[in-house]
Amino acid sequence: MSTRPPTLREKRRYLLVSVEPAGTPVNQKDLYYTIADATTSLWGDVMAAVVMPAVVAAEGRFVVIRCRRGTERELAIALSTITKCRDVRIALRLVAVSGTIESLRERIRTVKTPDTEDSVPSECTFKKTPVSITQCDGQKVDVIEKGFKNTNRLFLTREDLEEL
Amino acid sequence: MKITDACVCPYPCGDSSVRRMALEARNLGFDRLVAADTPPGEFFGIEVCTGIIIRDTPLKDLINRVKRERNSNAVVSVEAGDNGFNRAVISLKGVHIIRGIQSAEKNAFDHVAARMAADNRVAVDLDLSLLVSARGITRQRAMHRFRDALILEQRYEFPLTISSYAHSIMDMRAVREITGLCSLIGMDIPDVEKAFSGVDIITASSNPAVKVIL
């Protein structure tokens, strides 16, 4: 099948979203199903068919999602209702919307990389509980409680760790 | 006007410290947080107010609790119950917010309660956590309750507040996202802005401009 000329192609928009918490591995296919499910659940099959969401790229903690032009708002609202991807808790934060993937890639390149000069030790205590640090990005520090039980991920800042 | 999230639950109720929530709130466009059971403070330029949530408490105990908290600067929220309970709560001095109307009975917040809320400056909280996390009939019912409350709000003009009821930074949503979610229940941008500043209205001193002395 030959490709259509540009004037006959449907116009699309691309959303750049960041996946929280940082460092969460995201499978593009799982994320696509999660987004499709959220869109269908919120807007119904008819609107989901109009939006046509698709995950086109995943680079680090950023994901590029495609939709039909004019449906960015609907897709953005649907993205804000996503809380899990394959039983892994995530949140998608909308960073930018663009007409080309290239401009979003440029945007990803301009995003400041985490400052690693003033690093924190790999193990600390929080509220007298030993914790191991999994992610550190500026002031943000993600830790996991040590032990066999209650090994939850906690979201703290450097000050929280220094305090105790 | 300060853009306020009317209820977040930091550690130990949730998995994020109040500082981290404040940092996240700053990135998401908020100016102030009401944090449950957390001392007041300012972190990363975000004002954090103490919030007290009272739920599943008999009315007698609730009155005592509200009396105790009256002189503190905390924002007191009470979980909605049946219609009689809600009317009693709204008439209590010291209650700032009635929350959880999305989970209450259909007639729990009626036009009489709305009138009383407007007179006593008690805000009705729009807890968006169900819109975000729930699916299907639960979310539809929550939307219906919110739409019903908004109809009463347009008529009686009681204050509204918006909360994420976030127990984690991952439950927090950006101001723009919340505006989008509120558009699902028929709120336009000025309505959302007004609701974001609802905490300002309910915590402002209630000294009348004219005082009747005889």
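The values are calculated or read from the model by the stated rules, or taken from the named source; none is laboratory data. Since we're looking at a predicted model, the values are computed, not measured. Heads up, the Cβs are rebuilt from the backbone with ideal geometry, glycines too, and the neighbour counts pull from every protein chain shown.
General observations
- First in the stretch A:26-48 and within 18 Å of B:Gln140 (Cα to Cα), second anywhere and not in a helix (DSSP H, G or I), Cβ under 7 Å, 6 or more apart: A:Ala38/A:Thr81; A:Ala38/A:Ile82; A:Thr39/A:Pro53; A:Ser41/B:Arg135; A:Leu42/A:Thr81
- Selection status of A:Leu79, modelled with pLDDT of 95 or more, surrounded by 15 or more Cβ atoms within 10 Å (Cβ to Cβ), on the phi < 0 side of the Ramachandran plot and touching a Cys at 6+ places or on another chain (Cβ under 6 Å): no
- Criterion (closer than 30 Å to A:Ala78 by Cβ, over 11 Å from the mean Cα position of the chain (by Cα) and not basic (Lys, Arg)) met by exactly one of B:Ala80, B:Ala123, B:Ala114: B:Ala80
- Neighbours by Cβ (under 9 Å, 6+ apart or cross-chain): first from the stretch B:43-60, loosely packed, with under 15 Cβ neighbours inside 10 Å; second among the hydroxyl-bearing types (Ser, Thr, Tyr): B:Arg55/B:Ser77
- Filtering the stretch B:75-95 for residues that are in contact with a Leu (Cβ under 6 Å, 6 or more places away or on another chain), surrounded by 22 or more Cβ atoms within 10 Å (Cβ to Cβ), among the hydrophobic types (A, V, I, L, M, F, W, C) and at pLDDT 95 or above leaves an empty set.
- For B:Arg145, the stated conditions do not hold, so it cannot be described as basic (Lys, Arg), within 14 Å of chain A (Cβ to nearest Cβ) and assigned to a helix (DSSP H, G or I).
- Criterion (small (Gly, Ala, Ser) and touching a strand residue (DSSP E or B) at 6+ places or on another chain (Cβ under 6 Å)) met by exactly one of A:Ala48, A:Ala38, A:Ala78, A:Ala96: A:Ala96
- Residue match in the stretch B:65-73 (condition: of a type in the set (Gly, Ala, Ser) and either in contact with a helix residue (DSSP H, G or I) (Cβ under 6 Å, 6 or more places away or on another chain) or closer than 22 Å to B:Ala166 by Cβ (or both)): no
- Residue in the stretch A:60-68 that is assigned to a helix (DSSP H, G or I) and either β-branched (Val, Ile, Thr) or out of contact with any strand residue (DSSP E or B) (no Cβ under 9 Å at 6 or more places or on another chain) (or both) present: no
- Scanning the stretch B:41-94 for residues that are under 24 Å from B:Phe146 (Cβ atoms) and not hydrophobic (A, V, I, L, M, F, W, C) yields B:Gly51, B:Arg55, B:Asp56, B:Ser77, B:Glu79, B:Gly81, B:Asp82, B:Asn83, B:Gly84, B:Asn86, B:Arg87, B:Ser91.
- A:Arg73 meets each of the listed conditions (1) more than 11 Å from chain B (Cβ to nearest Cβ); (2) assigned to a helix (DSSP H, G or I) apart from (1).
- Members of the stretch B:168-196 found to be more than 9 Å from chain A (Cβ to nearest Cβ), in contact with a strand residue (DSSP E or B) (Cβ under 8 Å, 6 or more places away or on another chain) and assigned to a loop (DSSP other than H, G, I, E, B), listed by number: B:Ile185
- Residue list for the stretch B:109-142, filter: farther than 30 Å from A:Val88 by Cβ and either within 14 Å of chain A (Cβ to nearest Cβ) or touching a Gly at 6+ places or on another chain (Cβ under 6 Å) (or both): B:Ala123
- Top-ranked residue in the stretch B:10-37 [being away from chain A (no Cβ under 13 Å) and part of a loop (DSSP other than H, G, I, E, B); ranked as surrounded by the fewest Cβ atoms within 10 Å (Cβ to Cβ)]: B:Asp37
- Restricting the stretch A:13-54 to residues that are more than 12 Å from chain B (Cβ to nearest Cβ) and assigned to a loop (DSSP other than H, G, I, E, B) leaves a set whose member that is nearest to A:Ala96 (Cα to Cα) is A:Pro53.
- Given (1) surrounded by 14 or more Cβ atoms within 10 Å (Cβ to Cβ); (2) over 14 Å from the mean Cα position of the chain (by Cα); (3) of a type outside the set (Asp, Glu), index of the condition B:Phe196 fails: (2)
- Residue selected from the stretch A:20-38 under the condition at pLDDT 95 or above and among the hydrophobic types (A, V, I, L, M, F, W, C), by the criterion surrounded by the most Cβ atoms within 10 Å (Cβ to Cβ): A:Ile35
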